[in-house]
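**Student:** I'd like to ask some things about the structure below.
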Amino acid sequence: MKKLFLLVGMLAMPSFAAVSANVAFASDYVWRGMTQSDGPAIQGGFDFEAESGFYAGIWGSNVNFNDGAGSELDYYAGYGFSLGEVGVDIGYIAFDYPENQTGLDFEEIYLGLSFGDLGVTLASGQDGAPDYTEFSYAFGPVSVAYGEYDDYGDNTTVSYGFTCGSFDCGITAYDFSDGGYGADEDGIFFSISASL
């Protein structure tokens, strides 16, 4: 049903909407300080954005949780606008793990605020899913973020983005402090991506 809703929304979008695709390779898929692939990941997605600020998209990656889940598909839609010098992003995202039968799927409603290089993201987990709060700041090509994930733990990341020929590359160091998840994690991963 989520897929049908997203497809209908995309087909109904006006002609001035922008359509883009992206593909990436990462030495590890790390999300909120926790590895999702436990190794290399191939990722990609499609995005649709209207002049009004409405957007929708789908994104996928391989994952490895040792429980049957081999892939992740995210479906999202939202609306971005400005209030003076503050950027506002309100949206919905569904995290879907097609091969998993143990109920990993969950949804969030999120609010993102930005002021210059400072960003704040508040994600409200639906139907009992945990909430997430993240603060970020960018210094040119370097960005720093700190996040608190209820019932799981806290994470800190430091990323450096740069150009590799016609590709976008990045190196990220991350640290996850256990708050009930069951493991502490830290490491460095590399990513290379392209927009089509």
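**Student:** Of the conditions (1) closer than 21 Å to Gly57 by Cβ; (2) surrounded by 16 or more Cβ atoms within 10 Å (Cβ to Cβ); (3) among the polar types (S, T, N, Q), Thr172 clears all except one; give me its number.
**Tutor:** Single failed check for Thr172: (1).
**Student:** Considering each of Gly60, Gly53 in turn, give the residue that is open to solvent by less than 60 Å² (accessible area, probe 1.4 Å) and over 30 Å from Glu185 (Cβ atoms).
**Tutor:** On the way: Gly60 fails: over 30 Å from Glu185 (Cβ atoms).
It is Gly53.
**Student:** Here is a list of conditions, (1) within 24 Å of Phe135 (Cα to Cα); (2) assigned to a loop (DSSP other than H, G, I, E, B), and Trp59 meets all of them except one; can you say which number that is?
**Tutor:** (2)
**Student:** Say we look at the range 98-122 and pick out the residues that are in contact with a Phe, Trp or Tyr (Cβ under 8 Å, 6 or more places away or on another chain) and in a loop (DSSP other than H, G, I, E, B); which of these is least open to solvent (accessible area, probe 1.4 Å)? Can you show your working first?
**Tutor:** Of all residues in the range 98-122, those in contact with a Phe, Trp or Tyr (Cβ under 8 Å, 6 or more places away or on another chain) come to 100, 104-110, 117-122.
Next, from what is left, pick out any that are in a loop (DSSP other than H, G, I, E, B): 100, 104-105, 117.
Working: Asn100: 16, Leu104: 57, Asp105: 77, Asp117: 88 Å².
Out of the qualifying residues, it is Asn100.
**Student:** Please state which of the following conditions Phe81 fails to meet, knowing it meets all the rest: (1) surrounded by 14 or more Cβ atoms within 10 Å (Cβ to Cβ); (2) in contact with a Gly (Cβ under 6 Å, 6 or more places away or on another chain).
**Tutor:** It fails just one condition, (1).
**Student:** Among the residues of the range 19-42, is any in contact with a Phe, Trp or Tyr (Cβ under 8 Å, 6 or more places away or on another chain), assigned to a strand (DSSP E or B), of a type in the set (S, T, N, Q) and free of Cβ contacts under 8 Å to residues at least 40 places away in the same chain?
**Tutor:** Taking every residue of the range 19-42 in turn, none turns out to be in contact with a Phe, Trp or Tyr (Cβ under 8 Å, 6 or more places away or on another chain), assigned to a strand (DSSP E or B), of a type in the set (S, T, N, Q) and free of Cβ contacts under 8 Å to residues at least 40 places away in the same chain.
The values are calculated or read from the model by the stated rules, or taken from the named source; none is laboratory data. Everything numeric here is computed off the predicted structure, so don't read it as measured data. We place every Cβ from the backbone using ideal geometry, glycine too, and count neighbours over all the protein chains shown. For accessibility, only protein heavy atoms count, side chains too; no ligands or nucleic acids. Shrake-Rupley method; radii C 1.70, N 1.55, O 1.52, S 1.80 Å.
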